[in-house]
Ligand code: X5A
Ligand code: ZN
């Protein structure tokens with residue numbers, strides 16, 4: 001086999017060389033790349049993907065101010081990564097348009113043809129499959145003069161299909177390179193976002209669900225057994241939840257503003273835990289209580305410490321995909337945001353997720369429209385992916401989350417603890433320091449200190465300082481940790 005042929009070797013082959021997906025040990029580049037550095041074409045580093053084709057998805061009204069999901073979002077992020085020198089330290093991955101077949105791993109044929117073809121390439125397709133009058137009915141003429149599903153979800157008949165397929169294909173390309181071990185991890189600077197897109201519904205700026213499609217293809221084409229999708233966009237990813245609701249091999253964990261169903265898109269109740277074999281593999285950390293006070297770093301870090309990381313470690317994914325919306329970052333006001341998470345905090349959350357799946361983590365931009373906020377957050381996340389140690393060494397917050405966040409977390413734990421033994425119910429007798437029954441002030445304080453002592457690597461025996469406690473040493477590690 002020539003070197004070139006070898007280089008084009010399938011991902012499945014690459015995987016074989018890696019011996020499948022070894023659990024939490026860091027993965028390494030392919031053998032040949034290590035043995036002959038001169039032949040190394042791709043560095044084993046963070047991959048970035050971006051393509052200017054995605055800029056052309058624009059409302060024909062031409063007024064970007066009334067359409068917050070505009071081309072300047074990804075343009076600004078890409079410039080920021082360039083200016084800061086981060087881009088130069090990464091490997092640039094070439095994006096491509098996803099095929100209609102790939103898109104149909106999640107979406108219906110009609111939906112795929114409706115948004116995946118433009119008038120120019122539509123004539124090549126079987127005419128019976130796409131009825132002109134039906135497609136016209138799908139769009140509305142908007143008050144701005146453009147067309148779209150709604151004022152958020154605008155459509156450019158000439159350019160949108162190519163742009164939305166490029167967004168999907170870019171995430172696929174990046175994820176396959178990370179999953180196969182060619183790249184360490186990756187960040188996709190893509191638009192439009194995808195996590196609201198359902199099988200046959202475009203909504204909330206989204207047409208095709210890039211992250212869900214990528215997860216399906218990792219399963220189908222690469223045989224990846226367990227995939228974790230973390231969604232920290234402020235909105236619930238209804239499309240992603242739908243795509244994997246009965247699948248126990250894709251764990252979906254979303255943190256979102258919920259407000260008892262009164263925040264867009266309205267789904268994402270903590271009671272939505274999955275169905276059939278997938279029960280317990282859908283985790284909705286649904287913040288309720290509005291924005292007084294707004295959720296911020298302490299609330300998000302506490303959610304990671306008490307729910308996201310324990311469950312994720314127990315699940316032990318082979319690959320982590322992040323629906324990385326930045327609309328929870330400070331600078332986004334209600335109704336599109338309202339929270340106060342710092343850009344730096346998203347870098348820390350990235351660092352935490354990098355401890356999973358041998359570091360195979362791929363982040364894809366979802367929502368967020370404040371340019372400073374999304375640039376700052378993207379910069380922090382890419383710096384984390386590259387291994388930069390952050391401005392200060394990571395520390396769990398000492399402060400208590402606000403009472404409304406506390407109540408939201410308690411609810412998730414109460415619901416999920418029957419599926420995840422690493423979570424402990426506050427209403428059941430729980431370990432030596434765990435709270436019991438309805439909580440009074442002192443019990444709450446006690447639980448805070450219990451939580452503060454939780455280390456990041458719950459479930460890795462020997463690395464938890466509490467392991468030395470004699471009274472607890474005979475218990476199973478996943479069963480003993482008080483969570484709240
Ligand atoms: C991806 C995203 C938000 C939709 C808001 C609808 N969508 N009003 O952030
Ligand atoms: Zn959002």
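Just so you know, all these numbers are worked out from the coordinates, no wet-lab data involved. This is a predicted model, so every value here is computed, not measured. Cβ coordinates were reconstructed from backbone atoms using ideal geometry, including for glycine residues, and neighbour counts include every protein chain displayed.
Annotations
- In this rough spin-label picture, where each label sits 7 Å from Cα along the Cβ direction, the residue 63-residue 292 distance is 3.3 nm.
- Cα gyration tensor category, rounded, prolate or oblate, for the range 331-386 with a/c compared to 1.5: prolate
- Oblate is the label for the range 177-224. Its Cα gyration tensor axes, ordered a ≥ b ≥ c, give a/c of at least 1.5 and b/c at or above a/b.
- Modelled this way, with points 7 Å down the Cα-to-C-beta line, the labels at residue 200 and residue 141 are 2.7 nm from one another.
- Label zone at residue 124 (point 7 Å along Cα-to-Cβ), backbone N below 15 Å, the range 145-162: 161-162
- The order of the peptides 299-307, 111-119, 246-254 by mean Cβ neighbours within 10 Å, most packed first, is 299-307, 246-254, 111-119.
- Residues 70, 236, 419 in ascending order of nearby Cβ atoms (within 10 Å, fewest first): 419, 70, 236.
- Sites residue 260 and residue 419, calculated FRET efficiency, Cβ-Cβ separation with R0 30 Å, nearest 0.05: 0.85
- Label sites at residue 76 and residue 42, each approximated as a point 7 angstrom past Cα along Cα to Cβ, lie 3.1 nm apart.
- Cβ crowding within 10 Å, taken as a proxy for footprinting-reagent exposure, orders 221, 124 from fewest neighbours to most as 124, 221.
- Tail weight of P(r) past 20 Å, computed on alpha-carbon pairs of the range 179-316, percent: 48 percent
- When peptides 55-66, 151-162, 341-352 are ranked by their average number of other Cβ atoms within 10 Å per residue, the highest-first order is 341-352, 151-162, 55-66.
- Prolate/oblate/rounded label for the range 156-247 (Cα gyration tensor, a/c 1.5): oblate
- Stretching residue 388 away from residue 220 to a fully extended chain increases their span by 57.1 nm, per 0.36 nm per residue minus the current alpha-carbon distance.
- Between residue 150 and residue 83, the contour length at 0.36 nm per residue exceeds the Cα-Cα span by 20.6 nm.
- Ordering of 202-212, 259-269 by burial proxy (mean other Cβ atoms within 10 Å per residue, highest first): 202-212, 259-269
- With a Förster radius of 51 Å applied to the C-beta separation of residue 334 and residue 94, the computed FRET efficiency comes to 0.85.
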